[in-house]
Amino acid sequence: MSDDSHIVLPDPKPSTEPGLSRRAFLRGVGATTAAAAAVTTAIPELNAEAVSTVKGIRQAVIQTEINGKTYRLAIKSHWTLLDVLRRELNLTGTKKTCDRASCGACTVLLDGKPVYACSLLALDADKRKITTIEGLSDGETLHPIQEAFIREDALQCGFCTPGMIMSSKTLLDQNPRPNVAEVKEALAGNICRCAAYHKIVKAVTLVKA
Ligand code: FES
Ligand code: FES
């Protein structure tokens, strides 16, 4: 396993399409500039200082409780909790999709509160309790939220489902009978690309404790 397996270096050169005239290129840019301006983040070119920061990655040992088991884990300082769960512990129920705190598919509970595991350094999980989707069921017996998602057919591809269920768990722990508005608010940080929202919200309101 490479130490820097998930460091992606940006290519600073803009891509050019053969045969695309400058006029046609600018016309295309003009049509998309407004939308792009809202979402584009400037990527600085790498310099010697940045490279030396990458080389300065440190080793660390953390102790954390994951799904009721205590782990001592040797990690690198730049590893995210998501990569440690999936890659080091094979807890692949937590999904990696956007990997940039936008979709909620990687939601786990940190001391009972939902967090995006893709955006939390594993170092920050030291001496904390983590619950992942694997920690909800009791052996072959599914958690009532999982049962409700199945009963209400509240998924299509299922990629958002673990994150939806973890966010729902926090809500239901605090409010066992949420109304539709409360469920929508609790799941606001979770995106479903299949747009199964109606059934997801219904399932959460119908969880049998
Ligand atoms: S994978 Fe973490 S928020 Fe999308
Ligand atoms: S069921 Fe496909 S992303 Fe939600």
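So the values come out like this:
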| read-out | value |
| --- | --- |
| Residue satisfying condition, being within 16 Å of ligand 1 (Cβ to nearest atom), without any contact (Cβ under 8 Å) to a residue 12 or more places away in the chain and closer than 22 Å to T97 by Cα, within set A195, A122, A188 | A188 |
| Filtered residues of the range 135-161 (kept if free of Cβ contacts under 8 Å to residues at least 40 places away in the same chain, surrounded by fewer than 18 Cβ atoms within 10 Å (Cβ to Cβ) and part of a helix (DSSP H, G or I)) | I150 |
| Residue satisfying all of: in the range 51-106; closer than 22 Å to S168 by Cβ and charged (D, E, K, R); farthest from ligand 2 (Cβ to nearest atom) among these | E65 |
| Condition met for L172 (in a helix (DSSP H, G or I), within 19 Å of G93 (Cβ to Cβ) and more than 15 Å from ligand 1 (Cβ to nearest atom)) | yes |
| Of all residues making up the range 37-81, the number that are closer than 22 Å to D126 by Cβ and modelled with pLDDT under 90 | 4 |
| Answer residue from the range 89-117, given it is without any contact (Cβ under 8 Å) to a residue 40 or more places away in the chain and more than 11 Å from ligand 1 (Cβ to nearest atom) and is surrounded by the fewest Cβ atoms within 10 Å (Cβ to Cβ) among those | N90 |
| Tally, over the range 195-209, of residues that are among the aliphatic types (A, V, I, L, M) and farther than 12 Å from M164 by Cα | 4 |
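Residues are listed down the side, and each one gets a yes or a no for (1) crowded, with 23+ Cβ neighbours inside 10 Å; (2) within 9 Å of ligand 2 (Cβ to nearest atom):
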| residue | (1), (2) |
| --- | --- |
| S168 | yes, no |
| A181 | no, no |
| E185 | no, no |
| A196 | no, yes |
| K202 | no, no |
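The values are calculated or read from the model by the stated rules, or taken from the named source; none is laboratory data. Since the structure is predicted, the reported quantities are computational estimates derived from the model, not experimental observations. Note that we place each Cβ from the backbone using ideal geometry, even for glycine, and neighbour counts take in every protein chain shown.
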